Amino acid sequence: QTTAKKTGSQRRSLRPSRRRLVRETRQILLLIVGAILAAFGFAVFQAPYNLAAGGIGGISLIINHFTGLPVGTMFFVLNIPLLVFGFRHLGRWPFVVRTGIAAGLFSLFTDLFILWLPQVLTPFPLTDDMLLNALYGGILGGIGGGLIYRAGSTMGGTGIIGRYIQQRTGLPLSQIYIYTDGGILLAMGLVFGWAVTLYGVLILFINGLASDYILEGPSSTRVATIITNHPQKMAGALIANLGRGVTYWTVTGGFSNQKRYLVNCTISRPQVADLKHIVAEVDTHAFVTISVGHQALGEGFMPLLNKGEEDVQEAS
């Protein structure tokens, strides 16, 4: 019995280590894939036409224009002082190591792709259409950056500053990039022409949207708010037909000054049409608003998990 107890305690002591290993492995894979994707997009669609969404990449293109120094190498060198800043404000050694790896991989693969791809891709660049280059460069860069953010790191550059601002203010990345990279885009306009700056702003916007999408995921839930005079009948119909929980409480109309009821129900996106039909059948005088929700956690949706359980579920 004592041996069994020891074995059970040993297994319990191993679980956190296993969960931590799964989590770390997943984050490393996200970081590597994200860095390679971003480097590919930059080397194929942006660097040949000096396109960048500002940031350290833009400064590296300017330096390359005047000195011929490799763009990827300059990206890593310019990241060194920002890594020191990140060490102080964004997690010390764990942050610096992960960001250093991401920046190093991006720098390495950017230079490799710039040297190697012209020999294997015909034609290279793939297209002379600047708009297509801006669109695909922004999408790939945003996806790569979003994967790296999900790994708990950044690709360095002004992304370090962006992550710091996001943690302090809660602003979306798409807005922060505009603030941090606007001056660099103006400098690129002076060197490469204002058309490059305009395309750079487009890349910046698409990059932020793609990063936000990777971080937050697709919108899969809807929140319905229903004003009605028949709360119990409405709640019963919604529960019976949609299988979703319902909450309702008393409210007062500001215009009529009459008592009514507010019914709240969170549903999945495919259930929106069914909800509209149910509401119309129960109360033709109801007032309905349906808002977008990014995620729903709890009974009937994704379960609420503690940190260790969440890591294992995501890895599986």
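Points to keep in mind about this one:
- Residue check for VAL201: in a strand (DSSP E or B) and not aromatic (Phe, Trp, Tyr): no
- Cβ-Cβ under 6 Å pairs, at least 6 apart or on other chains, region 122-149 side closer than 29 Å to GLN166 by Cα, far side part of a helix (DSSP H, G or I) and polar (S, T, N, Q): GLY137/GLN46; GLY138/ASN207; GLY141/ASN207; GLY142/ASN207; GLY142/SER211; GLY145/SER211; GLY146/SER211
- Residues that are free of Cβ contacts under 8 Å to residues at least 24 places away in the same chain and open to solvent by less than 100 Å² (accessible area, probe 1.4 Å), drawn from region 255-281: SER256, ALA273, ALA280
- Within region 32-43, the residues that satisfy the criterion of being over 20 Å from ALA187 (Cα atoms) and crowded, with 24+ Cβ neighbours inside 10 Å are GLY34, ALA35, ALA38, ALA39, GLY41, ALA43.
- Residue list for region 231-252, filter: free of Cβ contacts under 8 Å to residues at least 24 places away in the same chain and open to solvent by less than 50 Å² (accessible area, probe 1.4 Å): GLY236, VAL246
- Among the numbered conditions (1) without any contact (Cβ under 8 Å) to a residue 60 or more places away in the chain; (2) within 15 Å of ALA39 (Cα to Cα), the only one that THR154 does not meet is (1).
For (1) among the β-branched types (Val, Ile, Thr); (2) open to solvent by 40 Å² or more (accessible area, probe 1.4 Å), each residue gets a yes or a no:
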site	(1), (2)
THR197	yes, no
GLY200	no, no
LEU204	no, no
LEU209	no, yes
ILE214	yes, no
THR225	yes, no
ASN229	no, yes
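- Contact map, region 44-55: first residue surrounded by fewer than 24 Cβ atoms within 10 Å (Cβ to Cβ), second residue of a type in the set (Phe, Trp, Tyr) and assigned to a helix (DSSP H, G or I), Cβ cut-off under 7 Å, separation 6 or more or different chains; pairs are VAL44/PHE113; ASN50/PHE192.
- Unmet requirement for ILE178, which otherwise passes all of (1) open to solvent by 50 Å² or more (accessible area, probe 1.4 Å); (2) under 20 Å from PHE42 (Cα atoms); (3) part of a helix (DSSP H, G or I); (4) modelled with pLDDT of 80 or more: (4)
- Some residue of region 203-220 being closer than 20 Å to LEU147 by Cβ, of a type in the set (Phe, Trp, Tyr) and at pLDDT below 90: yes
- Subset tally (residues that are touching a Ser or Thr at 6+ places or on another chain (Cβ under 7 Å) and under 22 Å from VAL292 (Cα atoms)) for region 244-266: 6
The values are calculated or read from the model by the stated rules, or taken from the named source; none is laboratory data. This one's a predicted model, so the numbers in the text were calculated from it and none came from an experiment. Backbone-built Cβ (ideal geometry, glycine too); neighbour counts: all protein chains shown. The accessibility values were calculated without ligands, DNA or RNA, using every heavy atom of the protein model including side chains. Shrake-Rupley method; radii C 1.70, N 1.55, O 1.52, S 1.80 Å.
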